Each structure stands twice: as C-alpha cells, then as structure tokens.
1. Given Q272, Q293, which one is closer than 18 Å to I139 by Cβ, modelled with pLDDT of 95 or more and not acidic (D, E)?
2. Between A68, A92, which is at pLDDT 95 or above and either of a type in the set (D, E) or in contact with a Phe, Trp or Tyr (Cβ under 7 Å, 6 or more places away or on another chain) (or both)?
3. Within the stretch 5-38, how many residues turn out to be part of a helix (DSSP H, G or I) and within 23 Å of H98 (Cα to Cα)?
4. Of L101, L51, L96, which residue is within 19 Å of the chain's Cα centre (by Cα), buried (at least 24 other Cβ atoms within 10 Å of the Cβ) and not acidic (D, E)?
5. Can you tell me which residue is least open to solvent (accessible area, probe 1.4 Å) among those in the stretch 136-173 that are more than 15 Å from the chain's Cα centre (by Cα) and without any contact (Cβ under 8 Å) to a residue 24 or more places away in the chain?
6. Is it the case that the stretch 198-205 has a residue that's open to solvent by 40 Å² or more (accessible area, probe 1.4 Å) and outside any helix (DSSP H, G or I)?
7. Go through (1) touching a helix residue (DSSP H, G or I) at 6+ places or on another chain (Cβ under 9 Å); (2) of a type in the set (S, T, Y); (3) farther than 30 Å from T213 by Cβ; (4) open to solvent by 20 Å² or more (accessible area, probe 1.4 Å) one by one and return the number of the condition S107 breaks.
8. Return yes or no: is A266 among the small types (G, A, S) and in a helix (DSSP H, G or I)?
Amino acid sequence: MITHENVVEFLDKKAALSFSVIEKEAGLPASTLAKAISGTRRLNDRHLSLLEPVLIEYGLNKHLLRKARVISIVNHKGGVGKTTTTINFGRALSLLGHRVLVIDMDSQGNLSQSLGIDNPEDQLYESLVHNSSLPILTIADEFDLVPSNLELAKYERDLTHSPSGSLRLRTALAPILNQYDFILIDCPPALNIFTNSALIASTSALVVLEPETSAVKGVNNLFELIEEIRQFFNERLVIDGILLTRVDRRLVIHKDVTQTVRRDLAAFNVFQTEIRLNAALKESQYAQQDIFQYNATSPGAQDYKQLATEFLANNAH
C-alpha cells in the first residue's frame, strides 16, 4: 500500500490537481487532502486504500518509480570549485523546481560548514559504518544535506579494508532514490575510497576543472578511474561533462588553457557555461549561504543558474 508520505509528495508535485475532485472520486470527506498537505492530519490505512487506485490514474506509479540522478562532483585536485559547484549547482536545480540532496563526502566537511552545519549531531559516516539511515537535514525548500566532518576520516582505513566498503554508499542511497530528482555528491580531492564509493553509487560524474596548467595535469588519471569504475562496478556511469570554474577571462593563461581543454577534450561534453572568478562565491561560503541567498544578482548566481539550465537541456528526455 502507498504511504502518507507518498501521497503528500505526489500531490505537492502535482499542484494542478484538484483535491476536491480526488476526494470525491475516492469517497473521502472534504478537506481531507488539504489537511494532510498542511500537516494537520495524517492519512490512515482506509484513506490510503481508497486513494491508491484514484491516484494511480493520475500517474502515481510513474512518480513512485522515478529515481534520482546521482551525480559525483569530482576532481583529483583541491581548490578547483567542487564544493562551490555542489552547493550552487544543486541550489540552482532546486530553484528550478527539482528536489535536490547534496552529500558531503569530504572529511574536511567544507560543504556542511558552507551551509551552516558546523558540528552535525548525525553524519554520513554512521550510515557507511553502521548501516544506519542517512542523516538528512533540510537546508531550504527542495534542498537537503547529508553532512560530514573530520569523523569521516577516522573510518577510511576500515572502509578500505572491508570487502563491502566501496559499495556502502550505494546501499545507503537505495531507499531514498525516489524521494529526489538529483543527488549531488561533493567528492574529496583524492582518488580514494570515498571518491570510489561516490562513483560506484552515481549515475554520472561532473568533472570540475580550473583553467590552470597544474589543474589540467593528471585529469586523465581521473578519466581512467571513471572508466575502471564503469567497467567493473557501475556500467551505467557516464560523464556529464567538464565544467570550467574560477575562470578569469582577463588572463591570457586562462584563455589559452580553456581553448586547449575544449580542443583536447572534445570527446567529452565541455559545458558552454563557465563559472567566472567571482568574490561573492567565496564570500557566500564564509557567510554560510548559497550564492542565491547571498547575492542573487552576482555573476556567480548568474553562472550557476545558466549551468543548471544548460544541464537540464542536455538531459531532457
């Protein structure tokens, strides 16, 4: 049988549906659904059994069978904008009407701290080590977080030596895949057990690249890892594309490296959207806000909104 949560989530997504019409078709008292949506009553088994066949006619099964696209935000190098991208690309998707979960897979906890979660009471490692449910915190409308901090690093050795260590994130995500449209994983700046786990659990990878020679060097190692994961662990894994970040178009080196990336990596999708170097992006993280809260008119906000729009257009079905 469907659950109260299934009904509330479905009706919340289908704002055009008439509660009164559904109540009449299901034989429910007036205002039953309005009270359920507002949180003032809970649907009981009788309500749910009457509602299920009616809501199936309106597309409930298709809604329940949907699964989130899980995207690893990756690079072998630190300081290239992975966390910034996870926060603001994720938030841009949510502002466009999608339900988004971001996961802090880096033991430095920068993603969590940047969203105002400094000392999470529950965090990711508990799910990976003890098989508990993922600790999900609501940050904003349609935008949730699974936090981490340095505690995660303590368990790297244990997970690395466990036969199931790299598979546990995929297992932890399975029960919630139908609750989100997108799940974004902020990966650490290392090709370690946590990056492997993220890629094994993902539908796709988004490679973040700063247009500096040092950042571009070694990126082939990342592509090789993604291909290895795809061959042996996760055949559905694809590369969504390469995102150039921290771009300063006044610098000759940035222009040259950008041209080189677009030429030499033409086999991959290199997003037309580039994330410009913008002080507001860094300031927003210090303020523990996404860029849209901090300064919605900044170049950073404009760029991440454009990225979300381009990404959705690329993946329209």
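The values are calculated or read from the model by the stated rules, or taken from the named source; none is laboratory data. What you see is a predicted model; the values in this text were computed from it and never measured. Neighbour counts are summed over all protein chains in view; Cβ atoms, including those assigned to glycine, are modelled from backbone coordinates with ideal geometry. In case anyone asks, the SASA skips ligands and DNA or RNA and just uses the protein heavy atoms, side chains included. Shrake-Rupley method; radii C 1.70, N 1.55, O 1.52, S 1.80 Å.
1. Working: Q272 fails: closer than 18 Å to I139 by Cβ.
Of Q272, Q293, the one residue that is closer than 18 Å to I139 by Cβ, modelled with pLDDT of 95 or more and not acidic (D, E) is Q293.
2. On the way: A68 fails: at pLDDT 95 or above.
Being at pLDDT 95 or above and either of a type in the set (D, E) or in contact with a Phe, Trp or Tyr (Cβ under 7 Å, 6 or more places away or on another chain) (or both) holds for just one of A68, A92, which is A92.
3. Filtering the stretch 5-38 for residues part of a helix (DSSP H, G or I) gives 5-13, 19-26, 32-38.
So of that shortlist, the ones also within 23 Å of H98 (Cα to Cα) come out as 5-13, 19, 33-34, 36-38.
Of the residues in that region, 15 qualify.
4. L101
5. S162
6. Filtering the stretch 198-205 for residues open to solvent by 40 Å² or more (accessible area, probe 1.4 Å) gives none.
Within the stretch 198-205, none of the residues are open to solvent by 40 Å² or more (accessible area, probe 1.4 Å) and outside any helix (DSSP H, G or I).
7. (3)
8. On the way: among the small types (G, A, S): yes; in a helix (DSSP H, G or I): no.
Considered against the rule, which asks whether it is among the small types (G, A, S) and in a helix (DSSP H, G or I), A266 comes out as no.
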